[in-house]
Amino acid sequence: MQQHNKNRRHSFNGKNFVILPIVFCAVIYLTLFFVISPSASSFISMGSLFFSDGAKDFSEEYNNIFVPIDENSSQAESSDSIPVSEITFPKYGEQFGELIIEDCQINARLFFGDDNVALNNGVGIYNGSSIPGYGKTILVAGHNNTYFNGLKYAQVGQRVKIRTSYGNYYYEITDIQIKQYDDSSAYDLSADSENLIMYTCYPFDELGLTPQRCFVYAKPLQDSNIDKNK
Amino acid sequence: MNGHKHHTKAKSLLYGLLSFFLTLTLFLLSICLVMQTTIFSKSFMTSAMGSCGYYTMVADELKSQLKSLGDASGLDQEFAQDFVEGYDVQSAVDEYISAFYVGDTTLVDTEEFEQELYAALDDYIDEKGIDRETVSDENLSYFVSQACDIYVNEISIPFFSYVANYIYNYSTPLLIITIVLAVIALAIAAVIIFTNKFTHRRYRYLCYSTIGTALATAIIPITVQLSGMISKINLETRSLYNLFVSYANALFSYFWIYCGIFFVVSVILFLLYAKAYKRATTHHGH
């Protein structure tokens, strides 16, 4: 009897309270995995498209990488080529320069990208176009009620200055045209030569949203100086 | 003697299997209950919206977008500010959400917004003393149509119409599944209770199941939280992002609640088991 009791006491196996639930849990998840994975794998891989590598930043604050170059420094208007490796290409939404047209009383922060944050704080380069010095089309947008209101005073021959951290660039207005907002002939983003196009809604100071745009074209007064091979 | 041993082993295996199926049923039941109290509940959605300040954020975004549109349309920046403050964004969002939970797949209704915007523009023109002859109706209509597009984007939730359709169609089947699972769980528990001669064994097998269910329900929120996926969701606006994070965190907290309930039940069952076991062995000892 004592032996019998001893055996019974011995059968109080606390390990089972840990091992068995873990086994149950593992079997449930393995079963679910094998049952669900064939039909759910496409949904799972599609779902991964909705996630990024890090948490998204919704800050209305913009990053400013613009460090003005002294007008008198050799770097400011140097015609020497600048290796592309020495330039910090702006990220989308960053302020990287200034656009100035003194005759039109325009002095605006220049952003890469033309989202609301950029256009509320200055003027923005369409990110499908280029930035100064690269020898391509630079397409700049601004609101006609704020930073590009001065474009109504634009005239052929006036000078446009773009200041960036890697150099100051000068352009001369060559043409002003009024076109429809969806007229793709207004710009050529594949052009091989540097050209600046600034545009805003037209007519100026009109109440309501207009389908017309005022395009101001300008040609560079210096050669493109960024060496893309270095 | 050998026959008795085999019989005991077979019984242990049978009750082990019953415990496993009880674990599976309770786990699936927990998932169904979580879904009913979260995804399938309109009040859960509105509560998540309220707790993350969704309405305020939508109003702010609408204000910011209309301000930008106003900058391109010759309107003062105060126009968007005053208009959105006067417009009830919360009731528009609630109306949109409510429609889906009753099976109505109507998209955002812009009629009221459009009328109020035209009225606000009329007031603005009068207030600024703008000559109406100089104002183009076409330009104003274009402005209003763009503003309505912004409004629809802000009020609507991506894929919600698609998901809401499932929510409406599957709410009754989910309720039936929940009831069926509850009945199955009770039946298995009854079998364990009424076919076991010893009380401590009843508690033991039930305890295995509840611990297993507590573990299984804990794994889901642990995996999601360790992966950090919730905060990495790629959504266009701050309001949607915060709503998603708040919604998902609240949803997974329900798994923790069920895990906690099963854990407490497990502790009680274990204590009862220990007591019953002690009594059984003492009784045999005497």
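What to note about this one:
- Taken over region B:137-151, the residue count meeting the criterion of being surrounded by fewer than 15 Cβ atoms within 10 Å (Cβ to Cβ) and either among the polar types (S, T, N, Q) or more than 8 Å from chain A (Cβ to nearest Cβ) (or both) is 4.
- All of A:F17, A:F12, A:F43 fail the test of being modelled with pLDDT of 80 or more and hydrophobic (A, V, I, L, M, F, W, C), apart from A:F17.
Matching residues to (1) within 30 Å of B:T217 (Cα to Cα); (2) without any contact (Cβ under 8 Å) to a residue 24 or more places away in the chain; (3) assigned to a loop (DSSP other than H, G, I, E, B):
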site: B:L14; (1), (2), (3): yes, yes, no
site: B:F20; (1), (2), (3): yes, no, no
site: B:S47; (1), (2), (3): yes, no, no
site: B:Y55; (1), (2), (3): no, no, no
site: B:V58; (1), (2), (3): no, no, no
site: B:E61; (1), (2), (3): no, no, no
site: B:K67; (1), (2), (3): no, yes, no
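- Residue among A:Y134, A:Y126 that alone is under 21 Å from A:K219 (Cβ atoms), within 18 Å of the chain's Cα centre (by Cα) and modelled with pLDDT under 95: A:Y134
- Region A:203-222, residues that are away from chain B (no Cβ under 14 Å), touching a Ser or Thr at 6+ places or on another chain (Cβ under 8 Å) and in a strand (DSSP E or B): A:Y217, A:A218, A:K219
- Just one of the listed residues (B:I157, B:I167) is assigned to a helix (DSSP H, G or I) and either within 14 Å of another protein chain (Cβ to nearest Cβ) or not hydroxyl-bearing (S, T, Y) (or both), and it is B:I167.
- Matching option when the condition is more than 14 Å from every other protein chain (Cβ to nearest Cβ), surrounded by 17 or more Cβ atoms within 10 Å (Cβ to Cβ) and either modelled with pLDDT under 95 or more than 21 Å from B:A250 (Cα to Cα) (or both), among B:V102, B:V34, B:V89: B:V89
- Among residues of region A:115-126 that are away from chain B (no Cβ under 11 Å) and under 11 Å from A:G142 (Cβ atoms), those with a beta-carbon under 9 Å from a residue that is of a type in the set (D, E, K, R) and assigned to a loop (DSSP other than H, G, I, E, B) at least six positions away or on a different chain give the pairs A:V123/A:D114; A:G124/A:D114; A:G124/A:D115; A:I125/A:D114.
- Selection over region B:129-152 of residues that are under 19 Å from B:E116 (Cα atoms), in a helix (DSSP H, G or I), free of Cβ contacts under 8 Å to residues at least 40 places away in the same chain and not small (G, A, S) gives a count of 8.
- Filter pass, B:V180 being surrounded by 13 or more Cβ atoms within 10 Å (Cβ to Cβ), more than 13 Å from chain A (Cβ to nearest Cβ), assigned to a loop (DSSP other than H, G, I, E, B) and under 23 Å from the mean Cα position of the chain (by Cα): no
- Single residue of B:K275, B:K232 found to be within 11 Å of chain A (Cβ to nearest Cβ), at pLDDT below 95 and surrounded by fewer than 20 Cβ atoms within 10 Å (Cβ to Cβ): B:K232
- Selection count where residues are part of a strand (DSSP E or B) and among the aliphatic types (A, V, I, L, M), scope region A:141-175: 4
- Picking from residues in region A:57-80 that are modelled with pLDDT of 80 or more and part of a loop (DSSP other than H, G, I, E, B), the one that is farthest from the other protein chains (Cβ to nearest Cβ) is A:I69.
- Residue match in region A:92-104 (condition: closer than 30 Å to B:S227 by Cα and either modelled with pLDDT of 90 or more or assigned to a strand (DSSP E or B) (or both)): yes
- Residue under evaluation B:L235, criteria (1) farther than 30 Å from B:H200 by Cα; (2) part of a helix (DSSP H, G or I), criterion not met: (2)
- Within region B:246-272, being within 12 Å of chain A (Cβ to nearest Cβ), crowded, with 18+ Cβ neighbours inside 10 Å and of a type in the set (V, I, T) holds for no residue.
- Restricted to region B:18-48, and to residues there that are of a type in the set (G, A, S) and in contact with a Ser or Thr (Cβ under 6 Å, 6 or more places away or on another chain), the residue that is farthest from B:S246 (Cα to Cα) is B:S19.
- Tallying residues that are within 14 Å of chain B (Cβ to nearest Cβ) and assigned to a loop (DSSP other than H, G, I, E, B) within region A:176-202 yields 2.
- For A:F50, the requirement of being surrounded by 10 or more Cβ atoms within 10 Å (Cβ to Cβ) and modelled with pLDDT under 75 is not met.
- Of the numbered criteria (1) hydrophobic (A, V, I, L, M, F, W, C); (2) part of a helix (DSSP H, G or I); (3) at the interface with chain A (Cβ under 8 Å from one of its Cβ atoms), the one B:A189 fails is (3).
- Failed item in (1) modelled with pLDDT under 80; (2) in contact with a Phe, Trp or Tyr (Cβ under 8 Å, 6 or more places away or on another chain), with A:I28 passing the rest: (1)
The values are calculated or read from the model by the stated rules, or taken from the named source; none is laboratory data. Predicted model only: the values in this text are computed from it and were never measured. Positions of Cβ are generated from backbone atoms using ideal geometry, with glycine treated the same way; all protein chains shown enter the neighbour counts.
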